[in-house]
Amino acid sequence: MHKLIPLLFTFLFISNFSYSQKSIKGKELTITGTVIDEETKQPLEYATISFFSKAENKIVEGGITNENGKFSIPISKGTYDIAIEYISYTTITLPNKVINSDLDIGAISLTINMEALDAVEIIAETTTVQIKLDKKIYNIGKDLTAAGGTVSDALNNVPSVSVDVEGSISLRGNENVRILINGKPSTMAGFGDSNILAQLPAEAIERVEVITSPSARYDAEGTAGILNIILRQKETLGFNGSITASVGNPDYAGISSNLNYRTEKYNLFSNLGYRYYDAPRNSKTNTHYFDKIENGQTVAPEFENINENQRVTRLNRNFNASLGMEYFLTDKTAITGSVFYRNGEDADESLNYSKRFNTNILEEETLRKEIENEAGKSFQFALNYVTKFNDEGHELTADFQYENKDEDQFSDINEIYITTNQTNPDPFQQEKINQTEKEKEYLIQADYVLPIGEDSRFEAGFRGNFQNEIKDYTLRQEDLNSGDFFVNDTISNIFDYTENISAFYTQYGTKFGEFSFLLGLRLENTQLKGVIDSQLTDQELEDAFGFPIDLDFNNNYLGLFPTVNLIYNLAKKDDNKEESITFGYNRRINRPRGYYINPFPSRSSRTNVFQGNPNLAPAFSSAFDIGYLKRWDKLTLTTSVYYQHETGSFERVQEDTGRQTSDGIDIIRTIPFNLSSNDRTGAEVGVLYNPYKWLRLNSSFNYFQFKKDGEFNGVDYGNSDNSWFARFSSKVTLPGEIDWQTNMNYRGPNSNAQSTTEGVFSMDLAFSKEIGDHVTASLNVRDVFNSRKYISLTETETFERESESQWRQRQVNLSVIYRFNQKKQDREKRNNHDHGGDDDDFEG
């Protein structure tokens with residue numbers, strides 16, 4: 001507890017005084033000395049020394065100590081107050097020091113400030129919220145339930161954010177949310193696919209920005225808003241880091257490291273991790289088929305009821321590594337380069353038992369076995385340049401990013417009869433599927449910030465995002481006569497999909513008194529084009545899929561996206577009190593992904609398939625948000641009401657394809673389409689309450705209602721409903737300095753035109769113990785009651801289906817973290833510098 005490493009305040013000081021111990025022109029004299037810990041007599045590296053000029057009435061010079069606690073600072077003649085500071089130590093000031101020659105002030109001994117130390121520890125462990133003009137920033141703090149978990153687990157504890165049992169992320173109940181990593185689209189977010197977030201360690205997160213009213217600086221993608229995940233990048237000078245090892249049940253083993261080495265001239269940072277785990281998934285459906293009218297005749301289904309019970313074993317092995325370097329070209333210019341690499345191998349085995357009934361009598365039972373092996377790797381290279389023209393915020397930043405992803409997937413599908421009433425039934429065809437997926441993405445971005453006076457700022461910038469995705473899908477089926485396999489040309493295809501986005505933006509912000517505003521306008525062009533290489537003609541595709549399909553499409557959408565963000569401070573800020581009202585308006589776009597557009601159906605089931613829709617167009621929305629924040633000494637209250645009107649919103653429906661399997665079972669497909677409109681209104685409230693040092697409480701509640709209008713294939717899919725979700729988290733420090741954290745989540749029932757989904761309750765528990773200054777051990781149980789299940793009922797004119805799925809069952813993890821050259825009070829404290837466009841000058 002008595003050897004501390006400098007924290008945030010040191011870095012804020014250094015950012016204002018990037019002076020080394022080199023001579024500076026015009027400074028004839030040199031002041032030297034040594035700073036040590038009074039009790040241990042050990043040198044204190046990176047202590048700060050500042051010189052306050054009596055004549056100029058301001059700090060005019062400063063520096064830091066080296067690894068031996070020594071400093072050497074050039075200074076002009078004069079009279080100064082010399083302050084020697086080190087975080088969590090008591091500051092020593094040498095007043096009225098007359099400097100007229102070189103001076104060695106000797107050894108300065110600093111003592112621990114225990115009150116400051118306790119305050120630092122409390123801040124580090126508490127999840128806090130910061131309100132800005134266009135976002136809420138949640139500093140994750142010490143979230144025990146996410147230890148050894150994933151980014152998805154950590155996101156599920158952030159107010160307004162929900163992660164369902166299938167890993168889909170929603171914001172205020174809306175899944176049309178844009179995921180950014182450090183302010184940019186990234187292969188770490190899976191090119192828009194949030195599933196990869198379930199494979200990255202939660203320890204990588206520093207904070208989450210919930211951006212419900214994005215400013216013009218951000219990409220207009222995501223009608224619900226943006227989640228900007230800021231990953232850790234240590235700022236502590238010197239060499240330091242941590243190693244985390246975890247084991248769990250179901251089978252789980254992982255190890256990761258965070259290493260950092262920083263000097264005055266450069267900063268090296270890296271993250272390495274390997275995870276092996278089994279994530280078993282279970283699902284079951286009960287489908288009841290109705291009689292149909294065909295050519296005026298009543299036609300009974302081949303089977304009245306079909307029960308499917310699927311068990312999936314998912315073995316995953318993932319390795320991820322990132323390495324970066326920030327190099328300070330001058331005091332005000334820096335360039336940062338980083339690379340990210342991920343390699344993953346999955347081995348899944350799916351067993352789908354299907355029972356078919358007529359008049360409640362079992363007619364036959366089959367077993368469909370699918371073995372799937374998948375190997376994928378992704379690579380990202382990023383380069384960032386920033387130059388600050390002055391200390392008032394006048395700066396230019398430029399970014400380049402290249403990403404590449406390759407994935408190979410092989411599936412072997414075999415189905416057999418377990419029992420049947422048929423005499424000598426034809427066997428099922430074995431199927432072999434080969435699918436390769438290649439994705440490339442380029443990002444070019446430039447942002448310019450010009451302060452105007454003390455309280456105003458003008459910004460302008462450009463972003464180009466160019467992405468290409470090629471999926472080569474080959475289906476080979478067994479020839480039942482010869483046993484050989486042939487390529488099914490009607491299903492095999494190559495889908496080449498390109499998304500190009502170019503945007504210019506400008507925005508202006510100012511504050512006068514307690515009122516601030518930020519006005520912006522973004523001009524954005526979206527190009528969606530695709531080529532489908534298939535043996536089927538246009539007419540054959542239309543006959544097979546039930547609607548016209550363009551095999552070669554090229555669509556452009558040019559739009560203006562205005563943003564308005566206002567904040568009024570009802571009370572002037574001090575250390576413990578704050579009160580403000582915010583208002584936001586923005587126009588957004590939701591672009592369909594390749595998965596939603598590819599018209600060739602999935603093959604995970606013969607009777608239930610997912611099929612994309614190449615005719616999908618982007619959806620557009622206008623959103624309004626009014627928020628209120630009140631902060632007391634130990635209590636923070638946040639509330640907001642919001643309204644969103646969306647046109648062309650996406651909706652997934654299930655319908656009878658009119659086709660049957662070889663054994664006469666109707667094939668049902670799920671397909672997305674554009675609804676005409678979707679109106680959503682809601683309100684949310686959040687409370688952070690820390691009544692005692694040993695007790696911290698965090699809760700939030702969100703209620704929303706919606707109304708959808710639209711039809712597809714002549715069927716009206718309009719409906720209206722309401723839903724809500726709530727979460728509660730408590731953290732208690734038990735005797736023996738054991739921390740106990742409980743998280744509870746409930747997502748209320750909801751519905752669409754066809755389906756009703758039951759509410760889902762889940763609870764996570766975690767316990768943590770500090771062992772000395774360098775080791776932390778934690779035990780957590782996610783989904784204690786194994787209740788995180790998705791249960792729904794779907795009703796159409798031709799069938800009724802009850803479904804239950806569990807994406808991941810209860811997980812128990814034990815994690816141990818070892819830190820070197822760190823203390824437990826500084827590992828969570830980070831320099832909160834700008835990532836991805838914080839509007840820091842206009843925060844509430």
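Listing for the model above:
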| quantity | calculated |
| --- | --- |
| Residue match in the range 668-675 (condition: within 30 Å of residue 628 (Cβ to Cβ), part of a strand (DSSP E or B), free of Cβ contacts under 8 Å to residues at least 60 places away in the same chain and in the same structural domain as residue 547 (by TED's automatic domain parsing)) | no |
| Search result, residues across the range 61-74 that are touching a Phe, Trp or Tyr at 6+ places or on another chain (Cβ under 6 Å) and over 17 Å from residue 111 (Cα atoms) | 61, 62, 63, 64 |
| Among the residues listed as 34, 93, the single one being surrounded by fewer than 17 Cβ atoms within 10 Å (Cβ to Cβ), modelled with pLDDT of 85 or more and in a strand (DSSP E or B) | 93 |
| Some residue of the range 477-492 being in a strand (DSSP E or B), surrounded by 20 or more Cβ atoms within 10 Å (Cβ to Cβ) and more than 29 Å from the chain's Cα centre (by Cα) | no |
| Residue among 423, 397 that alone is within 30 Å of residue 486 (Cβ to Cβ) and of a type in the set (Ser, Thr, Tyr) | 423 |
| Per-region count, the range 261-301, residues of a type in the set (S, T, N, Q) and within 23 Å of the chain's Cα centre (by Cα) | 2 |
| Candidate set: the range 252-279, residues that are among the polar types (S, T, N, Q) and under 16 Å from residue 322 (Cβ atoms); chosen: the one surrounded by the fewest Cβ atoms within 10 Å (Cβ to Cβ) | 257 |
| Selected residue (criterion: farthest from residue 444 (Cα to Cα)) from residues of the range 501-513 that are surrounded by 15 or more Cβ atoms within 10 Å (Cβ to Cβ) and out of contact with any Gly (no Cβ under 8 Å at 6 or more places or on another chain) | 511 |
| Residue among 652, 606 that is basic (Lys, Arg) and either in contact with a Phe, Trp or Tyr (Cβ under 7 Å, 6 or more places away or on another chain) or in a loop (DSSP other than H, G, I, E, B) (or both) | 606 |
| Residue in the range 551-563 that is of a type in the set (S, T, N, Q) and either under 30 Å from residue 456 (Cα atoms) or surrounded by 18 or more Cβ atoms within 10 Å (Cβ to Cβ) (or both) present | yes |
| Residue match in the range 456-474 (condition: part of a strand (DSSP E or B), surrounded by fewer than 16 Cβ atoms within 10 Å (Cβ to Cβ) and among the aliphatic types (A, V, I, L, M)) | no |
| Selection status of residue 662, assigned to a strand (DSSP E or B), surrounded by fewer than 20 Cβ atoms within 10 Å (Cβ to Cβ) and either over 26 Å from the mean Cα position of the chain (by Cα) or hydroxyl-bearing (Ser, Thr, Tyr) (or both) | no |
| Residue within the range 695-707 that is in contact with a Phe, Trp or Tyr (Cβ under 6 Å, 6 or more places away or on another chain), at pLDDT 85 or above and of a type in the set (Phe, Trp, Tyr) present | yes |
| Selected residue [among the polar types (S, T, N, Q), within 23 Å of residue 416 (Cα to Cα) and surrounded by fewer than 15 Cβ atoms within 10 Å (Cβ to Cβ)] from 305, 360, 282, 249 | 360 |
| Residue list for the range 74-90, restricted to those being buried (at least 17 other Cβ atoms within 10 Å of the Cβ), among the hydroxyl-bearing types (Ser, Thr, Tyr) and modelled with pLDDT under 85 | 86, 88, 89 |
| Residues satisfying the stated conditions in the range 313-365, i.e. of a type in the set (S, T, N, Q) and not in a strand (DSSP E or B) | 330, 359, 360 |
| Condition check for residue 560: within 30 Å of the chain's Cα centre (by Cα) and among the hydrophobic types (A, V, I, L, M, F, W, C) | yes |
| One residue from 656, 709, 666 being under 30 Å from residue 293 (Cβ atoms) and in contact with a Leu (Cβ under 9 Å, 6 or more places away or on another chain) | 709 |
| Test result for residue 324, buried (at least 16 other Cβ atoms within 10 Å of the Cβ) and of a type in the set (Gly, Ala, Ser) | yes |
| Residue 390 being under 29 Å from residue 464 (Cα atoms) and at pLDDT 90 or above | no |
| Pair list, Cβ < 6 Å and 6+ apart or interchain, from the range 244-267 residues that are in the same structural domain as residue 325 (by TED's automatic domain parsing) and within 22 Å of residue 280 (Cα to Cα) to residues that are of a type in the set (Asp, Glu) and at pLDDT 85 or above | 250/278; 251/278 |
| Selection within the range 415-455 - touching a Ser or Thr at 6+ places or on another chain (Cβ under 6 Å), in a strand (DSSP E or B) and of a type in the set (Asp, Glu) | 415, 447 |
| Any pair with Cβ under 7 angstrom, 6 or more apart, that starts in the range 445-458 at a residue that is over 13 Å from residue 507 (Cα atoms) and ends at one that is surrounded by fewer than 16 Cβ atoms within 10 Å (Cβ to Cβ) and modelled with pLDDT under 90 | 455/512 |
| Filtered residue count, the range 617-639, keeping only those that are of a type in the set (S, T, N, Q) and either touching a helix residue (DSSP H, G or I) at 6+ places or on another chain (Cβ under 7 Å) or under 30 Å from residue 596 (Cβ atoms) (or both) | 2 |
| In the range 290-325, residue farthest from residue 261 (Cα to Cα) [restricted to those that are among the basic types (Lys, Arg) and without any contact (Cβ under 8 Å) to a residue 60 or more places away in the chain] | 311 |
| Exclusive hit being in contact (Cβ under 8 Å) with a residue 60 or more places away in the chain, charged (D, E, K, R) and surrounded by fewer than 18 Cβ atoms within 10 Å (Cβ to Cβ), set 412, 331, 406 | 331 |
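Residue by residue, here is whether (1) hydroxyl-bearing (Ser, Thr, Tyr); (2) within 16 Å of residue 92 (Cα to Cα) holds:
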site: 40; (1), (2): yes, no
site: 48; (1), (2): yes, yes
site: 58; (1), (2): no, no
site: 64; (1), (2): no, yes
site: 69; (1), (2): no, yes
site: 79; (1), (2): yes, no
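The values are calculated or read from the model by the stated rules, or taken from the named source; none is laboratory data. Note that the coordinates shown come from a computational prediction; the quantities given were computed from them, not determined experimentally. Positions of Cβ are backbone-derived with ideal geometry, glycine not excepted, and every protein chain shown enters the neighbour counts.
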